[in-house]
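Enquirer: Before anything else, here's the structure in question.
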Amino acid sequence: MVGQTASYHGQSVSLQPLPEPLRRAPNNLASEAAQVRALLHPNIQKFVGIAVDETNICEYIVGEVCPKGTLRDLIADEHMNLDWEFKNSLIKDVVNGMTYLHGTRLGSHGALSDENCLIDSRFVLKITGIGLRSLRDYSNQQPVSQQTEDRDYRALLWRAPEHLRRLMPAYGTQKGDVYSFAILLQQIILRSDPYQMKSSHSHHKKDPEHEQMAWKDIVLEVRRGLVPQFRPPVPLSACPKGFHPLLESCWDEDPAVRPPFIKLRQSIIKIVGRSGDNIVDYLIHQMEKHAVSLEHEVERQMKQFMLEKQRSADILSGMLPKTIADALTKGRTVLPETFESTTVYFSDVNGFTEAVEQTQSPLQIVDILNGLYDVCDNIIPDYDVFKVETGKTISITLSTQRKSGVIFWGVFYS
């Protein structure tokens, strides 16, 4: 979980709250903090120090700001496109950070999880939660049993089976870290919570007690060490060729089978090559592609809009005088007009009924009507007139708008 931010010597820093119960700073905390502060690697969160209150109670771990949240947040973000270029970048970042950590005096992590993997502003993954033995909860190192209730079982989903059965060293073991990495690998590949459970960040209402029971059941199954071993189901089709055997070796029941991170890094480079090496350039390229695609979509939508707008204008022009149709199209209010005199002319189509009776099919009637419309439509453009259809009869009304009056000429036929 990402904490608050603050300013320290003019620089923005993150404040990660320490778990309850808060403790007074022990005498050896300075030397432990110096060990963590000495860690300098692009995939390790830079440690600044410990924030204490006026009574010397440790309240926060102060570190580098990683504004994109945790790996758990990233996986749960439905708006983020995690393709294999992105996934490979995350996997390489974890491996590179852990390879470096295993080569330091600290030697191992002991609590690697999706909450201890942070994402900075450039989408680089940085490992946190390292060292500081005196601030760690000793009870979390205890083995688990069926009777154990007061535990954070979600945090134990990444713990190696040997550490679930026996007291775990304060910083865990290197082989235990490799097991934890395998669970992270499953999460990144499937974009899910451990063991393919639904993300706890989803919008659906959840029962915390039910979740805790499910996590406990999983942890106890892993602890039993059954054959075949109980591990997250990851289909072969879900990962690139070569990833699946690597994944299975990392969470093998026998710690001796799990490869060290330095070999893992070599294996992953062989599998994915340079994919994911420069995630920033890749994301910029993706944004540029999206921008071009968006421009084309906007252009297409604008053409469609203009076409529909022209259709609407044509319909109005066919129903109303041109001046009124133009005003309505431009959004202007059309006020009624008064004319001192008007002339209305009514006539009939001579022989229309007889012509209809002589037709052999409805289509012939349509041809006759089309002919009448064509005659009127061809004449209308030559005069200051317009056509209207009203009533149960088909009527064509032509009008000339003049200040002296409006002249109507109509042809009516049933």
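The values are calculated or read from the model by the stated rules, or taken from the named source; none is laboratory data. Predicted model, so just to flag it, every value in this text is computed and none were measured. No Cβ is skipped: glycine too gets one built from the backbone with ideal geometry, and neighbour counts run over all protein chains shown.
Enquirer: Looking at (1) part of a helix (DSSP H, G or I); (2) surrounded by 14 or more Cβ atoms within 10 Å (Cβ to Cβ), which is the only condition P259 fails?
Expert: (1)
Enquirer: Pull out all pairs, ordered by first then second residue, where Cβ-Cβ is under 9 Å, the residues are six or more apart or on different chains, the first lies in region 61-84 and is among the charged types (D, E, K, R), and the second is surrounded by fewer than 18 Cβ atoms within 10 Å (Cβ to Cβ) and assigned to a helix (DSSP H, G or I).
Expert: That search, which allows pairs on different chains as well, returns D83/Q286.
Enquirer: Then there is this: Failed condition for W158, given (1) at pLDDT 95 or above; (2) under 13 Å from D114 (Cβ atoms); (3) surrounded by fewer than 22 Cβ atoms within 10 Å (Cβ to Cβ); (4) not polar (S, T, N, Q), with all others met?
Expert: Status for W158: all satisfied but (3).
Enquirer: If you don't mind, another one. When you scan region 104-112, do you find a residue that is touching a residue at least 60 places away in the same chain (Cβ under 8 Å), surrounded by fewer than 21 Cβ atoms within 10 Å (Cβ to Cβ), in the same structural domain as G131 (by TED's automatic domain parsing) and among the hydroxyl-bearing types (S, T, Y), even just one? Can you show your working first?
Expert: Our first condition is that a residue be touching a residue at least 60 places away in the same chain (Cβ under 8 Å); within region 104-112, this holds for 104-112.
Narrowing further to those that are surrounded by fewer than 21 Cβ atoms within 10 Å (Cβ to Cβ): 104-107.
Now drop any that are not in the same structural domain as G131 (by TED's automatic domain parsing), which leaves 104-107.
Then drop every residue that is not among the hydroxyl-bearing types (S, T, Y), which leaves 104.
Yes - at least one qualifying residue is present in region 104-112.
Enquirer: I would also like to ask the following. Filter region 37-59 down to residues that are β-branched (V, I, T) and either under 15 Å from P26 (Cα atoms) or touching a helix residue (DSSP H, G or I) at 6+ places or on another chain (Cβ under 6 Å) (or both) and give me whichever is surrounded by the most Cβ atoms within 10 Å (Cβ to Cβ).
Expert: As a first pass, look at region 37-59 and keep what is β-branched (V, I, T): 44, 48, 50, 52, 55, 57.
Okay, now just the ones that are also either under 15 Å from P26 (Cα atoms) or touching a helix residue (DSSP H, G or I) at 6+ places or on another chain (Cβ under 6 Å) (or both), so 44, 50, 52, 55, 57.
On the way: I44: 21, I50: 19, V52: 15, T55: 8, I57: 14.
Ranking the qualifying residues of region 37-59, first place goes to I44.
Enquirer: Let me ask another. Taking I268 as the residue in question, decide whether it is within 27 Å of the chain's Cα centre (by Cα), assigned to a helix (DSSP H, G or I) and modelled with pLDDT of 85 or more. Reasoning before the result, please.
Expert: Numbers: within 27 Å of the chain's Cα centre (by Cα): yes; assigned to a helix (DSSP H, G or I): yes; modelled with pLDDT of 85 or more: yes.
Judged against the criteria, I268 is a match.
Enquirer: If you go through region 58-89, how many residues are part of a helix (DSSP H, G or I) and either in contact with an Asp or Glu (Cβ under 8 Å, 6 or more places away or on another chain) or at pLDDT 95 or above (or both)? Full working, then the answer.
Expert: Keep residues of region 58-89 that are part of a helix (DSSP H, G or I), which gives 71-76, 84-89.
Checking the rest, the ones that are also either in contact with an Asp or Glu (Cβ under 8 Å, 6 or more places away or on another chain) or at pLDDT 95 or above (or both) come to 71-72, 75, 89.
Summing the residues that are part of a helix (DSSP H, G or I) and either in contact with an Asp or Glu (Cβ under 8 Å, 6 or more places away or on another chain) or at pLDDT 95 or above (or both) in region 58-89 gives 4.
Enquirer: Which ones in region 244-258 are more than 15 Å from W158 (Cα to Cα) and touching a Leu at 6+ places or on another chain (Cβ under 8 Å)?
Expert: H244, L246, listed by residue number.
Enquirer: Still on this structure, please answer the following. Here are some conditions: (1) over 24 Å from H102 (Cα atoms); (2) under 30 Å from the mean Cα position of the chain (by Cα). K46 meets all but one. Which one does it not meet?
Expert: Only one criterion is unmet by K46, namely (1).
Enquirer: Test P235 against the criterion of being assigned by TED's automatic domain parsing to the domain that holds Q147 and out of contact with any Leu (no Cβ under 9 Å at 6 or more places or on another chain), and give yes or no. Spell out the reasoning first.
Expert: Values: assigned by TED's automatic domain parsing to the domain that holds Q147: yes; out of contact with any Leu (no Cβ under 9 Å at 6 or more places or on another chain): no.
The answer is no for P235.
Enquirer: Shifting gears a bit: Considering region 155-174 alone, what residues qualify as being basic (K, R) and within 12 Å of L220 (Cα to Cα)? Step through it out loud before you land on a result.
Expert: Of the residues in region 155-174, the ones basic (K, R) are 159, 165-166.
R159, R165, listed by residue number.
Conditions tested, residue by residue: (1) more than 20 Å from T5 (Cα to Cα); (2) in contact with a helix residue (DSSP H, G or I) (Cβ under 6 Å, 6 or more places away or on another chain); (3) buried (at least 16 other Cβ atoms within 10 Å of the Cβ).
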| position | (1), (2), (3) |
| --- | --- |
| I61 | no, no, yes |
| R72 | no, yes, yes |
| A76 | yes, no, yes |
| D93 | yes, no, yes |
| I119 | no, yes, yes |
| G129 | no, yes, yes |
| S134 | yes, yes, yes |
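Enquirer: What is the residue count in region 171-208 for residues that are modelled with pLDDT of 90 or more, out of contact with any Gly (no Cβ under 7 Å at 6 or more places or on another chain), surrounded by fewer than 23 Cβ atoms within 10 Å (Cβ to Cβ) and assigned to a loop (DSSP other than H, G, I, E, B)?
Expert: Summing the residues that are modelled with pLDDT of 90 or more, out of contact with any Gly (no Cβ under 7 Å at 6 or more places or on another chain), surrounded by fewer than 23 Cβ atoms within 10 Å (Cβ to Cβ) and assigned to a loop (DSSP other than H, G, I, E, B) in region 171-208 gives 3.
Enquirer: Can you spot a residue in region 163-173 that is in the same structural domain as F261 (by TED's automatic domain parsing), closer than 14 Å to E248 by Cα and of a type outside the set (V, I, T)? Don't jump to the end; show me each part of the working.
Expert: Pass one, region 163-173, residues in the same structural domain as F261 (by TED's automatic domain parsing): 163-173.
Checking which are closer than 14 Å to E248 by Cα leaves us with none.
No, the conditions are met nowhere in region 163-173.
Enquirer: Of everything in region 70-107, what is of a type in the set (V, I, T) and over 19 Å from R265 (Cβ atoms)? Give them in sequence order. Steps first, please.
Expert: Let us first name the residues in region 70-107 that are of a type in the set (V, I, T), namely 70, 75, 91, 94-95, 99, 104.
Of everything in region 70-107, those that are of a type in the set (V, I, T) and over 19 Å from R265 (Cβ atoms) turn out to be T70, I75.
Enquirer: Regarding R133, is this residue at pLDDT 90 or above and assigned by TED's automatic domain parsing to the domain that holds A170?
Expert: no
Enquirer: Scan region 117-124 and tell me whether some residue there is assigned by TED's automatic domain parsing to the domain that holds V272 and touching a Phe, Trp or Tyr at 6+ places or on another chain (Cβ under 8 Å).
Expert: Going residue by residue through region 117-124, those that are assigned by TED's automatic domain parsing to the domain that holds V272 are 117-124.
When the remaining residues are screened for being touching a Phe, Trp or Tyr at 6+ places or on another chain (Cβ under 8 Å), the result is 123.
Yes, the conditions are met somewhere in region 117-124.
Enquirer: May I ask you to say which residue of L320, L294 is surrounded by 10 or more Cβ atoms within 10 Å (Cβ to Cβ), modelled with pLDDT under 75 and more than 30 Å from T99 (Cβ to Cβ)? Steps first, answer last, please.
Expert: Numbers: L294 fails: modelled with pLDDT under 75.
Within the list L320, L294, the selection yields L320.
Enquirer: Same structure again: Of all the residues that make up region 220-241, how many are over 24 Å from V144 (Cα atoms) and surrounded by 13 or more Cβ atoms within 10 Å (Cβ to Cβ)? Give the steps one after another, and end with the answer.
Expert: Of all residues in region 220-241, those over 24 Å from V144 (Cα atoms) come to 234-241.
Subset that is surrounded by 13 or more Cβ atoms within 10 Å (Cβ to Cβ): 234, 238-240.
The number of residues fulfilling the criteria is 4.
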